[in-house]
Amino acid sequence: MIAFPRPAGGIFRHLRQSYTTPLTITRPPASEIPIPRQIWQIFFASPTLRTLDKTNLYSTRWVSMAPGYTYTLVSDLEASTFIDNNFKSRPEIASTYHALKNPALKSDFTRYLLLLARGGTYSDTDTKPIVPLEEWLAPEKRRDIHLVIAPEYDESQDKHPKDWMHPVQFCQWTISAAPGHPILERMVNRTINALHWVAAQQGVPLEKADISDFNVLNSTGPVAWTEVVLESLKEMDPNIKGFEDFYHVDRPRYYKDVAVLPLESFRADWMDEYGLSWRKPRRALVRHYFKGAWRQIPLD
């Protein structure tokens, strides 16, 4: 455990570092690629937390797998300031964010806003990259792709738990994006509308609304993200009819400026991590340890 000193006022400070590790691989210059070499992670601390268990973070791994990238771990205070400063033209974004009490809602909303405003790669703090970020896309695609996503669940390959609402669900614990991507903008709008609809149904302002786990999933969480992604991809490709078109994604697919990576890309297991179960040309990129526990009660 590492103790972080508290500044006056009792605000838990963030960990923020920029790295300029010398590069040893050939890659396109930053001016030629739409997705910035920026890594974002979010850590919203409990008000009573005085120490941070470093074993719950994989910051050094992200840095080592991304030489030349800037790494930023965002605190709740920083998130508030960032949103206030970057979305002045849309005051409903900041007012919605500041009304939220549920940390899962705030974390979800923040990731979309970070990427919408600045772009880069967002990944939860309980994830670890197992492939260098420069290798996530084929070199010839780096200049054309503005959004990188992957499924986290496919009922044609996975057992179907009770609480999965769609036959395919897209992951939102890891996303890479160029700033201003319209899918992210659509997701932000969906979030605002969904949360205020919940509050209106209860006849209370948003800050007093009772936001259930179901509401989290359908406003900021993976269910909402999945529906926004599917809706957007159907507009990009009229051949896409529904979720079944994303069964058995076994190699990268490209829809205009969006790359949909294979199912295992962001959900590696220990065999992937040690290079034992890579199925060429398929391989996992990120391992998710599922250390977060945001739900209040099981959905069943």
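A few remarks follow.
- Of all residues in the stretch 80-110 being small (Gly, Ala, Ser) and crowded, with 20+ Cβ neighbours inside 10 Å, the one that is nearest to PHE43 (Cα to Cα): SER107
- Consider the stretch 198-225 and keep the residues that are polar (S, T, N, Q) and assigned to a helix (DSSP H, G or I). The one that is surrounded by the fewest Cβ atoms within 10 Å (Cβ to Cβ) is GLN201.
- The one condition in (1) under 19 Å from the mean Cα position of the chain (by Cα); (2) among the charged types (D, E, K, R); (3) closer than 27 Å to ILE35 by Cα that ASP213 fails to fulfil: (3)
- Residue among ASP158, ASP124 that is under 12 Å from the mean Cα position of the chain (by Cα) and among the acidic types (Asp, Glu): ASP124
- Hey, ASP144 surrounded by fewer than 22 Cβ atoms within 10 Å (Cβ to Cβ) and either in contact (Cβ under 8 Å) with a residue 12 or more places away in the chain or small (Gly, Ala, Ser) (or both) or not: yes
- All positions within the stretch 170-197 that are among the polar types (S, T, N, Q) and crowded, with 22+ Cβ neighbours inside 10 Å: GLN172, THR174, SER176, THR191
- Every residue from the stretch 124-143 that is over 17 Å from ARG283 (Cβ atoms) and touching a Phe, Trp or Tyr at 6+ places or on another chain (Cβ under 8 Å): ASP124, THR125, ASP126
- Some residue of the stretch 266-278 being modelled with pLDDT of 95 or more and either under 30 Å from ALA138 (Cβ atoms) or surrounded by 15 or more Cβ atoms within 10 Å (Cβ to Cβ) (or both): yes
- Filtered by the rule that a residue be closer than 27 Å to ILE33 by Cα, touching a helix residue (DSSP H, G or I) at 6+ places or on another chain (Cβ under 6 Å) and either small (Gly, Ala, Ser) or surrounded by 15 or more Cβ atoms within 10 Å (Cβ to Cβ) (or both), the stretch 226-265 gives VAL228, SER232, VAL249, TYR255.
Rundown of residues vs (1) at pLDDT 95 or above; (2) more than 18 Å from THR191 (Cα to Cα); (3) part of a loop (DSSP other than H, G, I, E, B); (4) touching a Pro at 6+ places or on another chain (Cβ under 6 Å), yes/no style:
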| position | (1), (2), (3), (4) |
| --- | --- |
| ILE93 | yes, no, no, no |
| TYR97 | yes, no, no, no |
| LEU105 | no, no, no, no |
| LEU137 | yes, yes, yes, no |
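- Residue within the stretch 121-128 that is among the acidic types (Asp, Glu) and more than 23 Å from MET271 (Cβ to Cβ) present: no
The values are calculated or read from the model by the stated rules, or taken from the named source; none is laboratory data. Since we're looking at a predicted model, the values are computed, not measured. All Cβ positions, glycine included, derive from the backbone under ideal geometry; neighbour counts span all protein chains shown.
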